[in-house]
Amino acid sequence: MKDLHLKKARQIAELVNSKQIKATQVIEYFLKRAEELNPKINAFNSITSELAIKQAEEVDKQIMAGKQFALAGVPIAIKDNLCVESTYTTCSSKILENFKAPYEATVTSRLWSAGAICLGKTNLDEFAMGSSTEHSAFGATNNPWNTKMVPGGSSGGSASAVAARLAPLALGSDTGGSIRQPAALCGIVGMKPTYGLVSRYGLIAFASSLDQIGPFATDIEDANLLLSVIAGHDAKDSTSLHADFNYNKLTQNKDCKNLKIGLIKELMLTESNASPELVNAMNMAIETFKRLGADIQEISLPLIAEHSLDVYYIIAPSEASSNLARYDGVRYGVRDKSATGINSMYSQSRAKGFGSEVVRRIIIGTYALSSGYYDAYYKKAQQVRRLISEEFKKAFQSVDILLSPTSPLTAFPMGAKLDDPLSMYLCDIATIPANLAGIPALSVNCGFDSNNLPIGLQLMAPQLADRKLLETAFVFEQNCPQAEKIPALAL
């Protein structure tokens with residue numbers, strides 16, 4: 001079928017369920033497309049052709065027997081820090097270069113049960129530490145809108161794959177903005193659900209109290225569909241929430257009457273801190289909500305704006321330092337065979353296996369957790385984190401949704417920030433607060449700059465108000481003509 005890559009996931013599923021096309025035909029189409037275009041953007045670390053064909057054949061068999069699937073025959077790209085049994089799961093790190101997952105993540109298991117097909121594993125900043133997907137042992141990923149630009153990170157491979165229409169859906173992980181920021185820079189939808197809504201079992205940990213798996217899609221309806229499949233309690237994840245979630249089709253609201261939206265004063269862009277194009281895109285988004293009947297009010301969140309970045313870069317590296325201690329050259333991963341003793345084996349294996357950004361964060365985290373500094377740094381950061389959560393709760397007493405830019409800038413050139421880690425960290429200033437508070441947040445495209453690079457709008461909601469968040473974004477998307485624009489590379 002011609003132009004199958006331009007169809008939504010829900011449309012592909014309908015075609016397969018109604019037997020108008022076979023899942024094997026769908027996956028053959030997307031495998032061919034991925035093989036042709038992936039060399040231009042390096043979105044995939046591996047394309048799982050054999051697994052995909054096997055899964056598609058099983059879906060066709062089940063449909064012929066009368067079964068229906070929510071994601072029948074829909075190809076999906078999986079971030080390469082999620083375990084898919086017997087496939088390479090590398091975290092884009094040399095230390096796991098040849099590691100094959102011995103078990104299946106809960107989210108991927110649910111996807112296969114819903115009829116989805118594993119197209120491949122996507123590139124990321126090593127161990128999800130970065131905002132540009134340049135910190136990968138397997139080369140940087142390019143932005144489909146301009147291949148000289150970064151796609152954002154850490155889930156840049158997943159975002160780039162969906163933006164280039166190599167896959168209609170993808171999974172990413174979001175620790176401080178790693179779904180929303182690349183979604184913004186690639187002009188698609190990316191969502192971080194409420195912490196605990198989606199099981200983390202089978203996600204290779206970066207910072208366990210912050211990590212959350214979420215969807216990438218070309219529109220809100222497909223993001224909602226994907227979330228409906230992966231959300232729900234999982235006994236294998238101790239942080240998984242016991243709650244009843246109903247993610248059926250989104251309500252076809254035509255307006256935003258009775259909706260109160262708060263503009264985060266400290267995160268809003270002005271011509272003194274951003275380009276006029278970004279400021280104009282934000283103002284147009286706000287005007288769209290006003291036209292739709294929303295009550296818009298300015299909200300001041302000084303703690304969140306002033307301290308979120310500092311708190312995050314103590315807590316996240318500290319948890320990373322602990323989580324990554326398991327990569328010691330003993331049980332799995334790279335082992336330096338030239339080592340002369342156990343201590344040198346530990347240090348040399350880790351030095352050869354980890355990249356510079358991972359090493360930097362391990363050192364920061366180890367320092368923050370060390371004797372004499374724990375109370376001054378890690379404990380204090382956790383106390384401020386609690387205050388940040390309380391500030392969000394107070395804000396949501398007066399508004400339903402919070403609004404900000406997703407990123408203070410559009411996609412930037414490859415290499416522009418590699419030698420300036422602080423500048424790179426500042427890319428996540430608007431996304432980090434939602435992770436600290438565990439609230440749901442998403443990014444939706446709201447326009448383009450003069451270089452035809454996408455601009456992302458971030459919406460945030462209270463814990464467990466994921467449905468409200470999606471429905472608000474859905475109404476906006478229906479009234480934003482820029483939302484469906486596609487990069488030339490994808491056509």
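Please verify whether segment 279-294 includes one or more residues that are basic (Lys, Arg) and assigned to a helix (DSSP H, G or I).
The initial filter retains those residues of segment 279-294 that are basic (Lys, Arg), namely 290-291.
With assigned to a helix (DSSP H, G or I) added as a condition, the list becomes 290-291.
Checking segment 279-294: at least one residue is basic (Lys, Arg) and assigned to a helix (DSSP H, G or I).
Pairs please, first residue from segment 268-290 and farther than 21 Å from Glu471 by Cα, second anywhere and hydrophobic (A, V, I, L, M, F, W, C) and assigned to a helix (DSSP H, G or I), Cβ atoms under 6 Å, 6+ apart in sequence or on different chains.
From residues that are farther than 21 Å from Glu471 by Cα, the pairs are Leu269/Leu278; Leu269/Val279; Leu269/Met282; Glu271/Val279.
Tally time: how many residues in segment 310-346 are surrounded by fewer than 18 Cβ atoms within 10 Å (Cβ to Cβ) and within 22 Å of Cys427 (Cα to Cα)?
1
Being among the basic types (Lys, Arg), under 26 Å from Asp237 (Cα atoms) and in contact with a Leu (Cβ under 8 Å, 6 or more places away or on another chain) narrows it down to one of Arg180, Arg110, so name that one.
Only one candidate qualifies: Arg180.
If Ala243 satisfies every condition in (1) buried (at least 16 other Cβ atoms within 10 Å of the Cβ); (2) assigned to a loop (DSSP other than H, G, I, E, B) but one, which is the exception?
Result: Ala243 fails condition (1) only.
Going by the structure shown, is Thr366 touching a residue at least 24 places away in the same chain (Cβ under 8 Å) and over 19 Å from Ile204 (Cβ atoms)?
Details: touching a residue at least 24 places away in the same chain (Cβ under 8 Å): yes; over 19 Å from Ile204 (Cβ atoms): yes.
Considered against the rule, which asks whether it is touching a residue at least 24 places away in the same chain (Cβ under 8 Å) and over 19 Å from Ile204 (Cβ atoms), Thr366 comes out as yes.
Take the residues of segment 1-53 that are β-branched (Val, Ile, Thr) and in a loop (DSSP other than H, G, I, E, B): which is farthest from the chain's Cα centre (by Cα)? Steps first, answer last, please.
Step one: of segment 1-53, the residues β-branched (Val, Ile, Thr) are 12, 16, 21, 24, 26-27, 41, 47-48, 53.
Okay, now just the ones that are also in a loop (DSSP other than H, G, I, E, B), so 21, 48.
Working: Ile21: 30, Thr48: 21 Å.
Here the answer is Ile21.
Can you name every one of the helices (runs of 4 or more DSSP H) wholly within segment 372-491 that holds 3 or more residues which are closer than 30 Å to Glu319 by Cα and polar (S, T, N, Q)? Write out each step before concluding.
On the way: elements: 380-395, 421-425, 432-437, 466-478.
Correct list: 380-395.
Would you mind finding the one in Lys94, Lys100, Lys148 that is surrounded by fewer than 24 Cβ atoms within 10 Å (Cβ to Cβ) and farther than 21 Å from Tyr332 by Cβ?
On the way: Lys94 fails: farther than 21 Å from Tyr332 by Cβ; Lys100 fails: farther than 21 Å from Tyr332 by Cβ.
Criteria check complete, one pass: Lys148.
Taken together, the values in this text are just the output of simple stated rules run on the coordinates, not laboratory data. Owing to the predicted nature of the structure, the values given are computational and were not obtained by experimental measurement. Note that we place each Cβ from the backbone using ideal geometry, even for glycine, and neighbour counts take in every protein chain shown.
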